[in-house]
Amino acid sequence: MGRSMPSAKTRTLFLMALLTSLNVAGQQITGSIRGTVLDPSGAIVPAATVTAKQTETGLTRAAATDRQGEYVLVELPIGHYQVEVHAQGFQKYLQQGISLDVNQTATISMHLKLGAETQQVEVSADAGLVQSTVSSLGETVMEHEILDLPLDGRNFSQLGLLQPGVVPLTPGLLAAGGPARQNQAYAVDGQRPESNNFMIDGADNVSSVDGGFVLKPPIDAIAEFKILSHNAEAEFGRNTGSTTNIVTRSGSNSFHGAAWEFLRNDAMDSSDYFTQSVQPLK
């Protein structure tokens, strides 16, 4: 007996699951390093081996330069890196102190020196601030800002207001929306707050009801987040407004932890203009 063909409903469900998996895979929470390897005269060096090693975990990525002397290392988790270059007839090149943020494309070009591979040229420098290979605009809120700056209610989204073009919701809009606008963090570049997109570690974190975020991770769990305010890449689809890309903290080779106590009361609060008294808060 011949096997029956799958129904149209089964094929449709399979196609939807495939497209969903591709969408999640394409939403980047990592960074990349690219550049050109040159000799002392400025000529390109093909077939050189470029290796990036993450300081926190020891994770390594390696690639060889092409005929134009260019290389690219993709899918690198955020953190600190050192880059080594090995090429026949040249001294080993080592650059340390490279910080890689979420969605960042760091451009690092290396100039090798003639000599034996047992010799080494060591450089301590970060990547350039200008990302010439991407057209999107956005700012990254770093971990030290999340932990050190005062926040009302430990809400990470308040730090987004430090970026240009990001404004809080007006009191009238909040009053009109009521609880439905509770998790609408801000409006960006004149767009409505419902147009924002929120992501955590590459997964959608957008409420289908009000367009705000669903999960509000504690600030101690966030490594950094970036607000892409304009012209985001195709991998960040869904909404027409900004994209807030949150990356949570991960482990490393060294033991670390945190202990804290959160206390908020009215001992240091000022009185209200209309009531002329301090409102109780515990």
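Derivation of every value follows stated rules applied to the coordinates shown; laboratory data play no part. Quick caveat, the model's predicted, so the values are computed rather than measured. A quick note on method: Cβ atoms are made from the backbone with ideal geometry, for glycine too, and the neighbour counts reach across all protein chains shown.
For GLY202, list long-range residues whose amide hydrogen, built 1.01 Å from N in the peptide plane, is under 5 Å from its own amide hydrogen.
Long-range HN contacts for GLY202: ILE246.
For the pair THR60 and GLU117, what calculated FRET efficiency results from E = 1/(1 + (r/R0)^6), where r is the Cβ-Cβ distance and R0 = 22 Å, to the nearest 0.05?
After rounding, the FRET efficiency stands at 0.75.
Report the paramagnetic label zone for ASP272: residues of region 163-203 whose backbone N is under 17 Å from a point 7 Å from Cα along the Cα-to-Cβ axis.
From region 163-203, the list is 171-172, 175.
Once the other residues with Cβ under 15 Å from the Cβ of LYS113 are scored (Lys, Arg +1; Asp, Glu -1), what is the net sum?
-3
Of the beta bridges DSSP finds with both residues in region 157-282, what % are antiparallel, to the nearest 5?
Bridges in region 157-282 that DSSP calls antiparallel: roughly 75 percent.
May I ask you to list the trypsin sites (Lys or Arg not before Pro) in region 28-91 that are in a DSSP loop and have at most 14 other Cβ atoms within 10 Å of their Cβ?
Within region 28-91, the qualifying trypsin sites (Lys or Arg not before Pro) (loop, at most 14 other Cβ atoms within 10 Å) are ARG67.
What order, most packed first, do the peptides 205-214, 141-150, 251-260 have when packing is the mean number of other Cβ atoms within 10 Å of each residue?
So the order, starting with the most tightly packed, is 205-214, 141-150, 251-260.
Which listed residue (PHE198, PHE213, SER254) has the Cα farthest towards the positive end of the charge dipole for region 185-260, taking +1 on Lys and Arg C-beta and -1 on Asp and Glu C-beta about the Cα centre?
Of the candidates, SER254 comes out farthest on the positive side.
Quick check on region 180-282: take the gyration tensor over C-alpha atoms, sort the square-rooted eigenvalues as a ≥ b ≥ c, and tell me if it's rounded (a/c under 1.5), prolate or oblate.
In terms of gyration-tensor shape, oblate.
Determine, for each peptide in 187-195, 115-123, the mean count of other beta carbons within 10 angstrom over its residues, then list the peptides with the highest first.
187-195, 115-123
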